[in-house]
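What follows is a single structure, written as structure tokens, with notes after it.
Only the coordinates and a few stated rules stand behind these numbers; no lab work does. Note that this is a predicted model, so its numbers are computed, not measured. Quick reminder, even Gly has a Cβ in these numbers, built from the backbone with ideal geometry, and neighbours come from all protein chains shown.
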Amino acid sequence: MAELSFREAIAAGIAQEMERDPMVYFIGEDVGAAGGVFKATVGLFERFGPDRVRDTPISEQAIIGAAMGAAMTGLRPIAEIMFSDFLATCWDMIANQVAKTRYMTDGQVSIPLVIRTANGGGTRFGAQHSQSLENWAMAVPGLKVVAPSTPADAKGLLAAAIRDPDPVIFFEQKSLYGVKGEVPDGEHVERLGEAKVLREGSHCTIVALAAMTPRALAAAQNLAADGIDATVVDVRSLVPLDTRTILREVVKTGRLFTVEENPRLCGWGAELASIVADECFDDLDGPIVRITTPHVPLPAADVLEDAAMPSVERITQTVRGSLR
Amino acid sequence: MSTRVEKPPVAEVDRPTRLRLYQLMVELRDFEQRAYELFLENLVRGTSHLALGQEAISAGYAVAMRADDYTFCTYRGHGHTLARGASMAAAMAELLGRGNGMLHGKGGSMHLTDVKHGAMGSYAIVGAHLPIAAGAAWSAQVRKSGQVAVCFFGDGTTNIGAFHEALNLAVVWKLPVVFVCENNLYMEYTPIESVTAVKHPAADRASAYGLESILIDGNDADVMYEIARRTIGQARAGGGPSLVEALTYRHGGHSRADPAKYRPDTEVREWLSRDPVKRYRERLLAAGIGEAEVNDIETRAQQKVDAATEEARTGAPATVDEIERQVWSDGGAAWRN
């Protein structure tokens, strides 16, 4: 095991797959000699050269379109969209073209494409550089949606996404880039569509994603001090969604709390709440509670941003209050 | 580069090529005509965008392409798809929503695709396929396959951002892609001149990308074939992309719903007199090709369309099993376990 930062793990995942498969190419803005604005791809340009690690103009439609055309014709491209907020500038490419072309052509083409993007808040960048947009992608049939919470998963899930034969939107929560953690040595590949139980308890199940996962774990620690024993599940992959694991854990504890960074409406937790209500209603001992950012654009000032996003304190208090 | 190519030197096109060009144009014409008749019978549902009058562009490029080259086209794409060798019966059946359709009923008229024949899709959001075609060209470039991507689009596309992004990227990366603007003078229902800063929406903008300005008669199959050979040859040889503006005219409206009453009669008459199919027929006869041979091409085209229509009409409706097939590469649509 080596200790890597989340950003180093991203670069390691890409390097592992580029080494393994000569058809893997990586394009985006400032990804070449600059190593990416978040420094998550440092060293790849030097190692794999300017043909396989290629800078693009600020042209998100061209980035995604080119990656799609290449994916349809034999490459396995990784395209970086610098901030997930910029997905809006190429949403036609993603939602109409990348997601639907396989289906509309009845399987004549495969689109093995990974779109990596820095997602979420915590960096005081304001409402156009901080959104948590995994729900946009989750709402479109034909896209897989992955959001890791640890360096090990950053590497292993990214490798799995690159090997996947279908398009994957890979959300990297930008406040996690500096977080360090153990990453298995040698080839490391996870499986898409498997949630991970990080902590087992008996009183409630807290399900979280990406940067909300460490917060849920910290809240569980606080709750333990109060005698509340919480299970914490890291969703990791919204599509495919590991409902089996989540339902199993909810049935065991009888309570579900979701911790979502996204604004309130139509968050992934709402879909999960619907599934749980449909399929294990009789096992519930109380209401399903969603802990989210309020339905507002994310403000920039530190005090405002911190108060808007689900915090360890808010998670702790909400769970404690609901179980009382 | 301020030069403008308006009349490329057209070498004498050889007889077999000319016959092939004519055959393709007649087939495309008859197919579209039949598709229109089937609308009137209410057999073709949804919308459909016919390319009647624009056949010389599809034929000229298709004949000049290598079998493994890529075609990317728009929702007005029946002709481009068929010109690459796609099954006419499967195309017609797709228009009719049949299970034996090219896409088993899941795409419809606006998305005809036949990857086996290099027809990489018909894209129905204006501009989207230009970057995608550039991507296929990028793939060909790095795989050193020698393939070229040809991307057809309408004049209206020149005013959407993806046009600019794709052209710029293609030039910067020197990609083997040919962008062909079919300027039929109308952006859907609106004269393109009234909504565009320059007179020639593609040719006048070529210099912005350091490209030669190419403005040609899109209703002349020989001219189209010649420019196709030149631009495809340049791309294949590593000389980078081209942007071609081919002037043409839709004989009908934008789509099924549009009777095209907004077009002046004189303009319509003038363009009908430049019908690429009729014009080419006259050229063949003038070149000494016997009328019997020309008639034979026409008869065979009709028979082919008749057979395709019959196959489509008698096909079973698309099956509901298809709904949850082929979202993913495992053939299914599962999003959860």
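Its relative contact order, with pairs defined as Cα atoms under 8 Å and 6+ residues apart, puts chain B at 24 percent. Working from label points 7 Å from Cα in the Cα-to-Cβ sense, the A:Val42 to B:Ala197 distance is 4.1 nm.
Once you reduce the range B:37-86 and the range A:229-251 to the center of their Cα atoms, the two points are 48 Å from each other. Here the simple spin-label model places points 7 Å from the Cα toward Cβ, and for B:Val172 and B:Leu40 these points are separated by 5.1 nm. Calculated FRET efficiency, A:Trp91 to B:Val268, Cβ-Cβ distance, R0 = 60 Å: about 0.95 to the nearest 0.05. Note on chain B: with charges restricted to the Cβ of Lys and Arg (+1) and Asp and Glu (-1), its dipole about the Cα centre is near 660 debye. When chain B is treated as a Gaussian network with alpha carbon springs shorter than 10 Å, the biggest mean-square fluctuation among B:Leu272, B:Leu243, B:Leu28 belongs to B:Leu272. Between 0 and 90 degrees, the angle of helix A:151-163 with respect to the longest Cα principal axis of chain A falls at about 50 degrees. Residues within the reach of a label modelled at B:Tyr189 (point 7 angstrom out along Cα to beta-carbon, backbone nitrogen below 12 Å), restricted to the range B:237-260, are B:254-255, B:257-260.
In terms of surrounding Cβ atoms within a 10 Å radius of their Cβ, B:Glu41, A:Glu260 rank from fewest to most as B:Glu41, A:Glu260. When chain B is treated as a Gaussian network with alpha carbon springs shorter than 10 Å, the biggest mean-square fluctuation among B:Ala203, B:Ala162, B:Ala59 belongs to B:Ala162.
For the range A:2-183, the number of Lys pairs with C-alpha atoms closer than 25 Å, counting only pairs eight or more positions apart or on separate chains, is 9.
Please compute the Kirkwood hydrodynamic radius over chain A, one decimal place, Å, based on all pairs of different Cα atoms.
Evaluated on chain A, it is 19.9 Å.
To the nearest 0.05, how large is the calculated FRET efficiency for B:Asn337 and A:Asp185 if R₀ is 30 Å and r is the Cβ-Cβ distance? Efficiency, from the Cβ-Cβ distance: 0.50. Each listed q (0.13, 0.27 Å⁻¹) maps to a log10 I(q)/I(0) for the range B:105-172, found by the Debye formula over equal Cα scatterers with no solvent: -0.40, -1.24.
Counting, for every residue in B:107-119, the Cβ atoms of other protein chains within 10 Å of its Cβ and taking the mean gives 3. Percent of C-alpha pairs per 10 Å bin in the range A:2-183, short distances first: 11, 41, 38, 9, 0.
Distance between the pseudo-spin-label points of B:Thr47 and A:Ala127 (7 Å out from Cα toward the beta carbon): 3.3 nm. The mean number of Cβ atoms from other chains found within 10 Å of a Cβ in peptide B:122-133 is 6, as a whole number. Per q in 0.09 Å⁻¹, report the Debye log10 I(q)/I(0) for the protein assembly as shown, using one uniform scatterer on each alpha carbon and no solvent. Cα-only, vacuum Debye calculation for the protein assembly as shown: -0.79. For the range A:252-324, the Kirkwood estimate of hydrodynamic radius, built from reciprocal distances between every pair of different alpha carbons, is 13.2 Å.
With a Förster radius of 35 Å applied to the beta-carbon distance between A:Ala277 and A:Ala225, the computed FRET efficiency rounds to 0.70.
As a proxy for reagent exposure, A:Cys90, B:Cys73 were ordered by neighbouring Cβ count within 10 angstrom, fewest first; the result is A:Cys90, B:Cys73. Each residue of the range B:244-256 was assigned a 3J(HN,Hα) from its phi angle through the Karplus curve 6.51 cos²θ - 1.76 cosθ + 1.60 (θ = phi - 60°); the sequence is 10, 10, 10, 7, 8, 8, 6, 6, x, x, 4, 9, 3 Hz, with glycine and proline shown as x.
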